[in-house]
1. What number of residues in the range 40-53 are at pLDDT below 95, over 11 Å from ASN70 (Cα atoms) and buried (at least 16 other Cβ atoms within 10 Å of the Cβ)?
2. Somewhere in the range 82-100, is a residue in a strand (DSSP E or B) and small (Gly, Ala, Ser)?
3. Since TYR56 meets every condition but one in (1) at pLDDT below 95; (2) of a type in the set (Ser, Thr, Tyr); (3) outside any loop (DSSP other than H, G, I, E, B), which condition does it not meet?
4. Residue check: is ARG85 among the basic types (Lys, Arg), surrounded by fewer than 16 Cβ atoms within 10 Å (Cβ to Cβ) and touching a helix residue (DSSP H, G or I) at 6+ places or on another chain (Cβ under 9 Å)?
5. May I ask you to list pairs of residues, at least six apart or on different chains, whose Cβ atoms are under 9 Å apart, with the first in the range 25-42 being farther than 27 Å from GLY119 by Cα and the second being surrounded by fewer than 12 Cβ atoms within 10 Å (Cβ to Cβ)?
6. When VAL115 is evaluated against the numbered criteria (1) at pLDDT 90 or above; (2) within 16 Å of ARG54 (Cβ to Cβ); (3) crowded, with 16+ Cβ neighbours inside 10 Å; (4) not charged (D, E, K, R), which criterion, by number, is the only one it fails?
Amino acid sequence: MRFKLAAFLTGIGLLAGTVPALAHHSFAAEYDANKPIKISGVVTKMEWMNPHARFYVDVKEADGKVVNWNFELGAIPVLLKQGWRKDSLKQGDQITVEGSLAKDGSKSANARSVVLADGRRVFAGSSGGNGPANQ
């Protein structure tokens with residue numbers, strides 16, 4: 001009886017450990033490294049949350065229509081090591097973003113780097129892009 005209980009509890013423990021891994025996606029599953037994008041616009045929102053931070057940018061297209069883009073950043077610990085803070089991007093900031101388009105054709109991308117209004121380039125901690133050593 002004790003053995004069965006121990007085996008059951010071990011199985012539950014192993015399953016519980018896999019749930020976070022299943023929830024996380026790979027870069028290649030969602031984004032296309034062969035479809036780079038460079039967009040300039042105005043920050044509308046910043047979401048500082050796990051497993052990845054996100055920000056949204058209003059981009060004026062050639063026809064004058066404004067479209068809101070969704071950009072994924074790297075994991076919070078990676079961003080902190082790169083010098084990011086919760087307030088690194090604020091609503092109204094004019095920025096330029098380089099990254100990789102989403103495979104699903106939506107107005108979303110994985111950010112590789114962000115050029116701030118003052119000209120500083122910050123790296124986005126992306127698992128799919130080049131970091132500071134590769135730029």
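1. Matching residues across the range 40-53 total 2.
2. Just the residues of the range 82-100 that are in a strand (DSSP E or B), to begin with: 94-100.
Those still in the list that are small (Gly, Ala, Ser) too: 99-100.
Looking through the range 82-100, at least one residue is in a strand (DSSP E or B) and small (Gly, Ala, Ser).
3. The number of the failed condition is (1).
4. Answer is yes for this residue.
5. Close Cβ pairs satisfying both conditions: GLU30/ASP104.
6. (2)
The values are calculated or read from the model by the stated rules, or taken from the named source; none is laboratory data. This is a predicted model, so every value here is computed, not measured. Every residue, glycine among them, receives a Cβ derived from its backbone with ideal geometry; neighbour counts consider all protein chains shown.
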